[in-house]
Amino acid sequence: MNKITKDSMFRFLALLSIAASVGLQAWRTLFNNFAVEIVHLEGNHIGIIQSVREILGFLALLVIYIILILKEHRLSALSIAILGLGVGITGIFPSYTGLIATTMIMSFGFHYFETTNNSLTLQYFEQDKSPLVIGKLKSYGAAANIAVGIFIYIISYFLSYKTTFGLIGFVIVIVGFWGILQNPTREGPPVQHKKMIFKKKYWLYYFLTFMAGARRQIFVAFAVFLLVKNSDSLYKR
């Protein structure tokens with residue numbers, strides 16, 4: 001594992017993965033409170049915003065056309081910068097349409113990074129090592145989620161939503177631009193297929209992925225929002 005962690009591609013993906021986790025977790029932590037307390041949205045608004053967010057996730061399949069003209073590692077870093085931009089400007093547009101627009105930007109960056117992150121991992125690390133790399137990157141992301149949650153809890157007593165969104169987004173954009181300037185590629189990885197490939201034998205995986213997304217959306221789109229909404233109503237009483 002020591003040899004893997006010294007690999008330039010691993011360090012590249014590790015830093016970008018941490019930035020992506022920080023961006024998504026910060027957005028999710030702040031979003032519902034921001035939507036209820038500042039923008040005063042209702043459940044139907046949240047449903048539309050979350051639906052729009054997933055449209056960008058579905059359109060991530062178009063990445064196979066983008067990498068025809070842009071190197072994949074640069075697209076990965078650019079996606080992080082776009083994610084940071086979406087998070088950073090969320091507090092500047094405290095309206096329903098503003099949240100739709102900033103959510104689309106954030107979602108574009110996150111989903112395109114996730115697509116390229118998995119692709120680069122499987123390209124640059126052998127079959128017996130890629131599970132270790134994926135596990136390591138996931139652990140970094142989990143640690144980043146905990147850290148950003150604690151960070152937001154502490155600074156929420158001192159900073160506004162606008163400043164918090166802006167500060168976290170700015171840091172993520174910096175990481176994205178750092179990644180754009182890097183070249184962690186090396187000779188040796190197999191040539192990547194730049195087309196969509198579907199296989200009938202993987203139907204169960206496709207189905208489970210679809211259902212996992214549906215389950216996650218029920219929780220993300222409604223459960224947390226209802227908790228915040230009800231808490232806000234009780235507080236006002």
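Every number here is computed from the coordinates shown, using simple stated rules; none is lab data. Owing to the predicted nature of the structure, the values given are computational and were not obtained by experimental measurement. As a convention, Cβ positions derive from the backbone with ideal geometry for all residues, glycine included, and neighbour counts pool all protein chains shown.
Figures for the structure shown
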item: Derived scalar couplings ³J(HN,Hα) [the stretch 73-78; Karplus, 6.51 cos²θ - 1.76 cosθ + 1.60; whole Hz; x for Gly, Pro]; result: 5, 6, 5, 4, 5, 4
item: Value of relative contact order over the stretch 1-141, rounded to a whole percent, pairs C-alpha under 8 Å and six or more apart; result: 35 percent
item: Relative exposure of Phe34, Phe58, judged by other C-beta atoms within 10 Å (fewest first); result: Phe58, Phe34
item: Per-residue HN-Hα couplings for the stretch 155-170 [Karplus 6.51, -1.76, 1.60; θ = phi - 60°; Hz; x = Gly/Pro]; result: 6, 5, 7, 10, 10, 7, 4, 4, 5, 5, 4, x, 5, 5, x, 4
item: ³J(HN,Hα), Karplus 6.51/-1.76/1.60, whole Hz, each residue of the stretch 94-102, x for Gly, Pro; result: x, 8, 4, 5, x, 5, 4, 5, 5
item: Residues in the stretch 24-46 that a label on Ile55 would reach, taking backbone N under 19 Å of a point 7 Å out along Cα→Cβ; result: 42-46
item: For the chain, built as a Gaussian network whose Cα springs stay under 10 Å, the top-fluctuating residue of Leu62, Leu99, Leu41; result: Leu62
item: Rounded, prolate or oblate (a/c below 1.5 giving rounded, otherwise prolate when a/b exceeds b/c) for the stretch 95-151 by Cα gyration tensor; result: oblate
item: Relative contact order %, the chain, counting alpha carbon pairs below 8 Å whose residues are six or more apart; result: 36 percent
item: Theoretical FRET efficiency, 1/(1+(r/R0)^6), r = Cβ-Cβ of Phe170 and Phe198, R0 35 Å, to 0.05; result: 0.30
item: Additional length obtainable on full extension of the chain from Tyr96 to Ile48, 0.36 nm per residue less Cα span; result: 16.3 nm
item: Alpha-carbon spread of the chain, three principal axes, descending order, Å; result: 64, 41, 32
item: Ascending count of other beta-carbon atoms within 10 Å, so fewest first, for Met9, Met196, Met104, Met211; result: Met196, Met211, Met104, Met9
item: Degrees separating the helix 8-37 axis from the principal Cα axis of the chain, which is the longest one; result: 20 degrees
